[in-house]
Amino acid sequence: MRVHVTDLLEGDLLLKDTFNSYGLHVLSKGTVLHNKDISKLLQHHIDYVDIQDRNSNPIPDRTLESIVSPKWLPTVQPDYENAVKGFQQLFSKATNEGVINEKEVESAFQPLLKNFQMERDVVSMLLLLNTTDDYTYQHSVQVGMLSYYLSTWLDYSAEEALQIGKAGFLHDIGKSRIPESILNKPSKLTDEEFTEIKNHAQYGHDIILESFAEEPYLAISALQHHERNDGSGYPHGLDGDSIHPVAKIISVVDIYSAMISERVYQKKRDLLYVLKELYKLSFSELDAHTTHTFIKHMIPNFIGKKTILESGETGIIIMTHPTEFFRPLIQIGERFIDLTIEREYEIKEVLI
C-alpha cells in the first residue's frame, strides 16, 4: 500500500528502496520503520512510500505525532528527576553512613532504565532534561543513561547493558567522601585539593564493595573510570588492556557528559566540538573502538539540526557519513554541500 509519510506508523515495513529527490538513498527495502527512520524520511522531504499492508503486519497503535515530537518528555522527565533525587539521597547516605542500599539504587535508577531502553534522540533528550542545578547528581544519572546506550551499541547483552548503566550511575559515588568545599569550589583547585578529588575513585570502589554482594562491573568501574589508555590516568596509572572494558565505556561518556554540562566555572560547549575532542582523545587517552562507536551512534542525532559553517552560511544537516563523522551532507536553501567532497567547508557550530 502507498501512504503519505505523515500517515506512517512505527512498525510499518518498507516494500521498496527509498531515495530523495536528489537521488540519495535514504532507507532500504525491508526496513521496519522506527521513530528515527520516519524522522529521516521527513527530513529528506519524501512524500510517499510503499509499505506492506498493515493487515498482514500488525503494528503498535502509535501516530507519527507521538513518534517524532518530544511527547516522550513528560514520560521520561519524572523518572529522570526521581533518579537525580534518588542519587542525591544515595550520596547523602554514603556521606553519613559510608554505605549505600542496593534496593535504593534499584528504586532510583531502574524506572529510568526501563523508560530509555527504547533508543531516542539522545542529544535532544539530554539537553531537554538537563538543568544547571545539582551537577554532581545529574552527571551521575546522565553517565548511567549514556553507559547503557553505549554498551548496547558495543553489542553487550540486554542484561549486561542494564548492569553497565548501573555502574555508570554509581561511578562517582566516592565523591560523597570529598569535602563539599572542594567538590563545589568555583575556582581552580590547589594541588592538595586535586589530590583529594582524585581519591574519589578509590572511595567509590570501597563504598560499593561494602554495600553490594557480587555485582559485576560496579566496583571496578568506579575505581578505574579515570584510568587512561596511555597510562596517564589515576589512581594506578593503568594502560591498555589493564583497564576493564566497562571502565573504558564509562570513561568516554563521563567526559562527554562533563563537557556538555554548564557549571559555575564552565559554560557548556558546542556538542559537535565535544565529539571532536573525544575523537582526538581516542588516539591517546581513550579506547579507540569504544570512542568511535560512541561518536558513530551520536552523530546521526544531528540529522535535521541547524548548522553554521565557518563561511557564515547556515544550513541543515541532511545526512551523516559512517566514517568521516564530522563531514556530513548539508542543505543550504536549494543547494547541497557534501563536506566529504567540498573540503574547504567546515562546520563552526551545530544549533540544538
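Just so you know, all these numbers are worked out from the coordinates, no wet-lab data involved. On a predicted model such as this, the values are computed, not experimentally measured, just so you know. Neighbour counts run over all protein chains shown; Cβ positions are idealised from the backbone, glycine included.
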Summing -39500 (n - 2.57) over every DSSP H run of at least 4 residues in the chain and dividing by its residue count gives a helix-only mean residue ellipticity at 222 nm, to the nearest 500 deg cm²/dmol, of -14000 deg cm²/dmol
Residues meeting the amide H criterion for Leu189 (H placed from the backbone, H to H distance under 5 Å, 5 or more places apart or on another chain) are none
Looking only at lysines whose Cα falls under 19 Å of Lys29's and that sit 8 or more positions away or on another chain, we get Lys16, Lys40
At q = 0.09, 0.15 Å⁻¹, the log10 of I(q)/I(0) for the chain from a Debye sum over equal Cα scatterers comes to -0.55, -1.31
Scalar couplings 3J(HN,Hα) for segment 199-215 by Karplus 6.51 cos²θ - 1.76 cosθ + 1.60 (θ = phi - 60°), nearest whole Hz, x for Gly and Pro, are 5, 5, 5, 5, 4, x, 4, 5, 4, 5, 5, 6, 9, 10, 6, 6, 10
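Anything over 30 Å Cα to Cα? Flag those among Lys36/Lys198; Lys93/Lys280; Lys103/Lys185; Lys280/Lys306; Lys280/Lys305, in the order listed. Let's see the in-between values first.
Details: Lys36/Lys198 40 Å; Lys93/Lys280 38 Å; Lys103/Lys185 32 Å; Lys280/Lys306 24 Å; Lys280/Lys305 23 Å.
Violating the 30 Å Cα-Cα cut-off are Lys36/Lys198; Lys93/Lys280; Lys103/Lys185.
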Taking placed amide H atoms and a strict 5 Å upper bound, the residues 5 or more places from Ile318 or on another chain that come that close are Gly304, Leu329, Ile330, Gln331
Length-normalised contact order of the chain, Cα under 8 Å, at least 6 apart, in percent, tallies to 11
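Is segment 200-352 best put as rounded, prolate or oblate by its Cα gyration tensor, with a ≥ b ≥ c the root eigenvalues, rounded for a/c under 1.5, and otherwise prolate when a/b is larger than b/c, oblate when not? Don't jump to the answer; show the numbers that get you there.
Details: a/c = 2.80, a/b = 2.37, b/c = 1.18.
Prolate is the answer for segment 200-352, as a/c is 1.5 or above and a/b outweighs b/c.
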Tilt, helix 245-260 to longest principal axis of the chain (alpha-carbon atoms), in degrees rounded to tens, equals 80
Amide H contacts under 5 Å for Leu27, restricted to residues at least 5 apart in sequence or on another chain and with H modeled in the peptide plane, are Thr18
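How about segment 137-228: which GluC sites (Glu not before Pro) there lie in a loop by DSSP and see at most 12 other Cβ atoms within 10 Å?
Here the GluC sites (Glu not before Pro) that fit, given the DSSP loop and packing criteria, are Glu214.
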Karplus-derived 3J(HN,Hα) from phi for segment 281-296 (6.51 cos²θ - 1.76 cosθ + 1.60, θ = phi - 60°), whole Hz, x at Gly and Pro, runs 5, 5, 9, 9, 8, 9, 5, 5, 4, 4, 5, 5, 5, 4, 4, 4
Net charge near Glu227 (other residues with Cβ under 13 Å of its Cβ; Lys, Arg +1; Asp, Glu -1) is -3
